[in-house]
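Structure record follows, encoded as structure tokens.
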Amino acid sequence: MIRHIVFFSARRKEDVEAVRNGLLALGKIPHSSLFEVTFNTKVDPMSDEIDVVVYAEFEDEAALAAYKAHPVYAKTTSEVKPLRELRYSADVVALA
């Protein structure tokens, strides 16, 4: 299983909700077994610049590649990119 985790910050505070709402469209892509878009709780003072987190699980690398190749992914990226400041992504293989 591949865990796909992406962290976003909005350019402006007033765009945080729009970033999250835009990213929710990615949940329509059928290749993930679990998909969530949540606000960062910001309880850790070392990570308060992150506003929104995308967490998804994929059966394998092929499913993740199909997700990233889906037209909704490209559309969402083009809509959210102008609203975001930072984007950090990690794709990790689950150990258990």
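Here is how the numbers come out for the structure above:
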{"item": "Boolean, Glu17 is in contact with a Gly (Cβ under 9 Å, 6 or more places away or on another chain) and not hydrophobic (A, V, I, L, M, F, W, C)", "result": "no"}
{"item": "Selection count, segment 68-96, where residues are of a type in the set (Ser, Thr, Tyr) and over 12 Å from the mean Cα position of the chain (by Cα)", "result": "1"}
{"item": "Residue match in segment 23-32 (condition: under 26 Å from Ala96 (Cα atoms) and in contact with a Leu (Cβ under 7 Å, 6 or more places away or on another chain))", "result": "no"}
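Rule-based calculations on the coordinates, nothing more; no lab input. Just so it is clear, the structure is predicted and the values come from calculations on it, not from any experiment. A quick note on method: Cβ atoms are made from the backbone with ideal geometry, for glycine too, and the neighbour counts reach across all protein chains shown.
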